[in-house]
Every structure is written in structure tokens, then in C-alpha cells.
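**Q** Here's a structure for you.
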Amino acid sequence: RGTYDVIENEGTVEICAVLTGGVLSTDTEITLQARDNTARFRSDYSTRGVRPTLPAFSNRTCGRFNIINDTISEPLFENFTVLITGISPENSELTIDQTLSFIRIQDDDLAVIGFERDTYSFLENAGTTMVVTVVLSNEVVRPFTVRVVGDPGPMTPGNSGTPVNQVLGFAANDNSSANLRQIVPVTIVDDSISGEAVQTYPLNFTDVPQGITIGSFRSTNIVIIDDDESVVRIVDGDKTVLESDGSSVITVVLTGANSDIVSVDVLNSTSGVVGTATFLSSQDVTTQTFNITVNYLDDSVALEPNEIFTYTLGNLRGEARIGMSNTSTHTLVDDDRLTVQFNERMYTFNEPDGAVSIAVNISNPIAQGFTISTGRIIQTQPFVIRSGPSFSDPLVFTPTGPMTINVNGIVTDDIIALEDVEIYRVQLSNLNISSPYVTVGAPTNVRVISED
């Protein structure tokens, strides 16, 4: 035949020589020789020549030429030629027809280009530039380019994708991974806005040259997952609050922009809600502050022990998380002042009075008891015989007891005339508690008049 067609992956092609006009009485070897044309020896076929034997009294013999089944996308048809170059033994009665036969190889290797996956998912803060892989199935004999495009839409708050317009070039006769697997950079904008919806937009091929087939992943979706976190926390730390202040402030801060309202409760130690911090949606502000006022009762009761109030965040609502620190401890210090003093600055008694008393009082109710002593300050006076009592007693004040306690004594009537008036002082001492908010009053004066 003048033309033989073979598909590349068939591997061989059978070429036959025929004898016409008679037969030969002996076996004859026929030489079939291949010559390059558009198909090349060792690139497209691997048999340079064959020598099939034409049996005696036969008129047909065939030989096979091997076709190289590569994975290179080549022109659809390439060919080489075969001709009869000789016979053995030689026979002068035979005429060799040296007309060329064309062996036409049909390339069945398709150059298929496509994305490696149909979806690429990226976290928003994973990095500013991520990559998408484009795969070429086979080596090609001619270089070509394709364009990858994608548009996420206008750049608005909450849109973290950026347009893609990337030209990829594939070299000829290069089966390296760098050539067959190329990357498309995709820029992700980390906008620090939490609570955004998942964003998806496609990438597609354009400007694909003839002869290049687009594979099953002819497009891919870019999926951007928002992993920005808004964090709420208490920033006050621990603090000391005086009871007379009446209130204290707990400061709650939201860090990070948020696409929706975020609210969180401030809870006391019994999980009661003392206030709610609410932060409005904001795509620009990265820090918001909310103050919650906690009120305390100033009860005028002195000597109360310090009270500890611990506040935490809970019942979070919205796209955020509770960060550290999450607690604030307030130490409430009782600063109600207490004065312990005599009721009177001067007490006057007459010798015949006999049983007498002086009084000590406290200015406020108390939360804990204490003791204090009274006692006469010794003084020397001429022309006076001591008749007044010492008023030396320990006094015990309790939360449930009276706020005034009498100190009793006996005035001695010595029946001595012409005495001077006896004057002395009685003081408070030996207070058994220490507090900057307790004041001990001044001594009181006692005057005893002789009526003898």
C-alpha cells in the first residue's frame, strides 16, 4: 500500500511486500528500510529496517516496525517512509518497485490542562498569598500559554479575595514538574473582621490555544474562611474599693472588628448578672470599651471585715471569644469611722452622792467586738484627800450590745471640812484592735466637791 495508518499506542505497524507476475522457486529475503520524515527515528519509531523472508512459491511477506508510544502531545499526524532497498539472493528477473510507502502515525496523547482540585479552601489569616496549582497532563512539542482569571467582586469590608489574572507559560519538550505543575498566586486580605460569611469565587481558564484540552477540573472555587477572632476581656485586674465610694467600674474591652453585635454578661460569684457589655458592629474600629458600674452599700457599720467580690465574663453572644484576663476581684474596705469617747467632757459629783457613774459610747454600730479600759490618771493636789472613784473598768462593746456603757464608782464622804475641790482625769486605754478608722476620744474630767 502507499499509506499505512497506525495509532501511536498500538505499538507496531505491519508493512507487507508483494510479488506480482509469477512466483519464485526459492526463499527470498526482502529488505524494507525506513526513512525519517516528520516522524523521527528513536523519537517516534524504533525500527530502522526489517528483512522478512518471501517463501518459495509465495507472493506476499510482511515485517513489523515498532512505534514509540510516548506521552508527549504531538501533532495529530506524523509520518515516516518505507521502501524496498534490496533482495537476497539477487535475481535479475525481478524488478524492485522503489515507490515510497508512507507510515502515518496518529498521536493519541492529548495535552490536557486543568486545576489540580475543584476547590481550594484558605483561612483568611493563613497568609497574604496562597497558591492554586494548574496541571498539564503531558509534555508538548510546541510551547503555549493560558490565562487564569477570577474576580471576587468589589473590594468592600468583608471581601477578603482579590482579582486573579495570571498568564502561565508551558515550555516545549519539558516534562519537569516545574513545567507540568505551575502555580497561580491568590492574594488573601486579612481584614481582622470577625463573623464574616464564607466567601467563594471561581477561577477559570481563558485564551486556551487549539490542540490543548481542558480537563475535568476546568474551573476551581476559591473558598475563604474567616478565622478572625474578636476577643472580649476584663482589663481592670484586681482593685481595692472603699465602702464610702459607693460604686466601682468594671471595664470590658472588645479587641478586633466584628461584623455583628457582640454582648457579654459580667457575673458575680453566684453567677448573678451585674451588668451587660454590648459592642456594636464595626468593621473599622479594632478596640471598643464598655464600662459597667457596680454599686456598693455604705451602711455606716464600723469594723466590718474586708469583703471580696469576684467578677467574671459569661453568657457570650456573637462572633467572639472570651480572652484572658477574664476576672476582676474587688476588695471592699470598710472605711466607716468609729469614735470611742466619754459622753461628757466634765463630770461633777458631791461627796455625799455615794454611787456615781460616767459613760463611754461608740459613734457607730459595729460588726465585731472589742475591749477598752478606763482608768484614773493619778494627780497630786494639796489640801485634798482623795474621795473620787478610780473608774477603772474593762469595757466590752459587741455588735449586739449597747452603744453606751456606764462605768460605776463610789464617792467617799470623808467628813473633812475645808477641802479643796478634787479634780482629776479618767482616760481610755488598752484598745485591743488596730484600725486606722478607729479614734479614741480625749480623757474626761471628774470634779468632786466636799460639802462637809
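**Q** Does Gly63 fit the bill of being in contact with a Leu (Cβ under 8 Å, 6 or more places away or on another chain), of a type outside the set (D, E, K, R) and surrounded by 14 or more Cβ atoms within 10 Å (Cβ to Cβ)?
**A** Working: in contact with a Leu (Cβ under 8 Å, 6 or more places away or on another chain): yes; of a type outside the set (D, E, K, R): yes; surrounded by 14 or more Cβ atoms within 10 Å (Cβ to Cβ): yes.
Yes; evaluated as a whole, the condition is true for this residue.
**Q** Determine if segment 374-386 includes at least one residue that is in contact with a strand residue (DSSP E or B) (Cβ under 6 Å, 6 or more places away or on another chain), under 16 Å from Ala302 (Cβ atoms) and not acidic (Asp, Glu).
**A** no
**Q** Report, by residue number, each residue of segment 298-333 that is over 22 Å from Gly256 (Cα atoms) and either of a type in the set (Ser, Thr, Tyr) or in contact with a helix residue (DSSP H, G or I) (Cβ under 8 Å, 6 or more places away or on another chain) (or both).
**A** Once the filter is applied, which keeps residues that are over 22 Å from Gly256 (Cα atoms) and either of a type in the set (Ser, Thr, Tyr) or in contact with a helix residue (DSSP H, G or I) (Cβ under 8 Å, 6 or more places away or on another chain) (or both), segment 298-333 yields Asp298, Asp299, Ser300, Glu304, Thr310, Tyr311, Thr329, Thr331, Leu332, Val333.
**Q** Further question on the same structure: What strands (runs of 3 or more DSSP E), lying completely within segment 71-186, carry at least 2 residues that are modelled with pLDDT of 95 or more and within 30 Å of Ser281 (Cα to Cα)?
**A** Result: empty, no element qualifies.
**Q** Among the residues of segment 294-321, which ones are more than 14 Å from Asp265 (Cα to Cα) and either assigned by TED's automatic domain parsing to the domain that holds Thr400 or assigned to a loop (DSSP other than H, G, I, E, B) (or both)? Walk me through how you get there before you give the answer.
**A** At the first step, the residues of segment 294-321 found to be more than 14 Å from Asp265 (Cα to Cα) are 295-309, 319.
Correct list: Tyr296, Leu297, Asp298, Asp299, Ser300, Val301, Leu303, Glu304, Pro305, Asn306, Glu319.
**Q** If you go through segment 50-58 one residue at a time, do you hit one that is closer than 13 Å to Leu83 by Cα and among the polar types (S, T, N, Q)?
**A** No, that holds for no residue.
**Q** Which is assigned to a loop (DSSP other than H, G, I, E, B) and either surrounded by fewer than 18 Cβ atoms within 10 Å (Cβ to Cβ) or among the hydroxyl-bearing types (Ser, Thr, Tyr) (or both), of Thr251, Thr270?
**A** Thr270
**Q** Something else: What number of residues within segment 197-242 are more than 30 Å from Ser328 (Cα to Cα), in a loop (DSSP other than H, G, I, E, B) and out of contact with any Gly (no Cβ under 9 Å at 6 or more places or on another chain)? Even if it seems obvious, please write down each step before you answer.
**A** Narrowing segment 197-242 to residues more than 30 Å from Ser328 (Cα to Cα): 197-226.
Applying the additional criterion that residues be in a loop (DSSP other than H, G, I, E, B) yields 197-198, 207-211, 215-218, 226.
Narrowing the set further to residues that are out of contact with any Gly (no Cβ under 9 Å at 6 or more places or on another chain) leaves 198, 207-211.
Adding up the residues that qualify gives 6.
**Q** Going through segment 366-384 one residue at a time, which ones are at pLDDT below 95, surrounded by fewer than 14 Cβ atoms within 10 Å (Cβ to Cβ) and under 13 Å from Leu428 (Cβ atoms)?
**A** Ile377
**Q** Could you list, in sequence order, the residues of segment 312-332 that are surrounded by 16 or more Cβ atoms within 10 Å (Cβ to Cβ) and within 18 Å of Asp245 (Cα to Cα)?
**A** Ser328, His330, Leu332
**Q** Among residues belonging to segment 324-365 that are closer than 30 Å to Leu267 by Cα and among the aliphatic types (A, V, I, L, M), point out the one that is modelled with the lowest pLDDT.
**A** Step one: of segment 324-365, the residues closer than 30 Å to Leu267 by Cα are 324-336.
Those left that are additionally among the aliphatic types (A, V, I, L, M): 324, 332-333.
On the way: Met324: 80, Leu332: 95, Val333: 95.
Among them, the one singled out is Met324.
**Q** Residue check: is Val262 within 30 Å of Ser121 (Cβ to Cβ), modelled with pLDDT of 90 or more and not acidic (Asp, Glu)? Steps first, please.
**A** Values: within 30 Å of Ser121 (Cβ to Cβ): yes; modelled with pLDDT of 90 or more: yes; not acidic (Asp, Glu): yes.
Judged against the criteria, Val262 is a match.
The values are calculated or read from the model by the stated rules, or taken from the named source; none is laboratory data. All values derive from a computational prediction rather than experimental measurement. No Cβ is skipped: glycine too gets one built from the backbone with ideal geometry, and neighbour counts run over all protein chains shown.
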